[in-house]
Amino acid sequence: MTEPAALMRLQELDLELLKHASTLSAMPQRKRLQTIELASRKVASELKGIVGQRKDAQTDVTEAEEALAHYRAKTAEVQAEADAGEHTHREISSFEQQLTSLAKRIEKSEFTLGPLRERLERLERAERNARLTADRLETERATTQSELEEASRDLRAQIVSLSREREQVAAELPAALLERYEAARKRFKGLGVERLRGNVPSVCRVKLQPSQFHDLAQHGEITECPYCHRILITSEEE
């Protein structure tokens, strides 16, 4: 393959690869995967916060239950001591004061414990729901990924085939010319090479003046368009 033909073929391959890559990135499953990923991150962040709150709520409930159990046990202990044997009036009065104080503490603990348990239950429900949502999103992600692989199998096979051919074609060009092509391809978004058809370049379509043909002939069949500065092939198509 001649250098002009290799340049044109390389550009054709790059344009095909660009088109396939665009088609691949625009597949609905890929967009859906992005949506699932964003949702999963949000749920994971919310779940982390819920778990932290649930652990704090569990600690609060445990401490309140322990306090309530302590006051009840202490009440039973004082009551048992009061019921045992004879006591003086002062001792009986002391028992009554202790039991009254303990009864108030028990009432306060029971009053405090109710809302704490309700908060813990709400957080446990929220945690369960968040975990269920995370599991559902993971299942949906796996299903969508499988659908994407199935739908894009032929396209990816074509990309592999075109990429291999591109390597072979690129290897036929001198390093300096390949570097020049790569720079033009990036600068002109894939259309860095054009062919002269008559006196009109195939891409920029600006008619060359007769005086310019002599100047172009001095640079061989691979030169530069004087107007758009793309690589210009002046020889006829093979």
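The values are calculated or read from the model by the stated rules, or taken from the named source; none is laboratory data. Note that this is a predicted model, so its numbers are computed, not measured. For neighbour counting, all protein chains shown are included, and Cβ atoms are generated from backbone atoms with ideal geometry for every residue, glycine included. Protein only, heavy atoms only, side chains kept; ligands, DNA and RNA dropped before computing areas. Shrake-Rupley method; radii C 1.70, N 1.55, O 1.52, S 1.80 Å.
Of all residues being within 19 Å of residue 15 (Cα to Cα) and among the basic types (Lys, Arg) in the range 179-238, which is most open to solvent (accessible area, probe 1.4 Å)? Just the residue, please.
Out of the qualifying residues, it is 189.
Helices (runs of 4 or more DSSP H) wholly in the range 106-222 with at least 2 residues that are under 40 Å from the mean Cα position of the chain (by Cα) and among the β-branched types (Val, Ile, Thr) - which ones?
153-171
Could you give every pair whose Cβ atoms fall below 7 Å, whose first residue belongs to the range 80-100 and is within 22 Å of residue 70 (Cα to Cα), and whose second residue is among the polar types (S, T, N, Q) and in a helix (DSSP H, G or I), counting only separations of at least 6 or pairs across chains?
Hits for this filter: 99/75; 99/79.
Could we say that residue 112 is farther than 30 Å from residue 32 by Cα and of a type in the set (Val, Ile, Thr) here?
yes
How many of the residues making up the range 64-87 are surrounded by 13 or more Cβ atoms within 10 Å (Cβ to Cβ), of a type outside the set (Ser, Thr, Tyr) and part of a helix (DSSP H, G or I)?
Selection size over the range 64-87: 11.
So, in the range 15-34, of the ones that are among the aliphatic types (A, V, I, L, M), open to solvent by less than 90 Å² (accessible area, probe 1.4 Å) and part of a helix (DSSP H, G or I), which residue ends up nearest to residue 189 (Cα to Cα)?
15
In the list 3, 46, 12, 37, which residue meets the criterion of being acidic (Asp, Glu), in contact (Cβ under 8 Å) with a residue 60 or more places away in the chain and either under 30 Å from residue 172 (Cβ atoms) or open to solvent by less than 30 Å² (accessible area, probe 1.4 Å) (or both)?
3
So that you can scan it fast, the table gives a plain yes or no per residue for (1) under 21 Å from residue 61 (Cβ atoms); (2) surrounded by 16 or more Cβ atoms within 10 Å (Cβ to Cβ); (3) among the hydrophobic types (A, V, I, L, M, F, W, C); (4) modelled with pLDDT of 95 or more:
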site	(1), (2), (3), (4)
94	no, no, no, no
115	yes, no, no, yes
119	yes, yes, no, yes
122	yes, no, no, yes
138	no, no, no, yes
141	no, yes, no, yes
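Residue 148 fails exactly one of the following numbered conditions: (1) open to solvent by 70 Å² or more (accessible area, probe 1.4 Å); (2) among the aliphatic types (A, V, I, L, M); (3) closer than 30 Å to residue 45 by Cβ. What is the number of that condition?
Of everything listed in (1) open to solvent by 70 Å² or more (accessible area, probe 1.4 Å); (2) among the aliphatic types (A, V, I, L, M); (3) closer than 30 Å to residue 45 by Cβ, residue 148 misses just condition (1).
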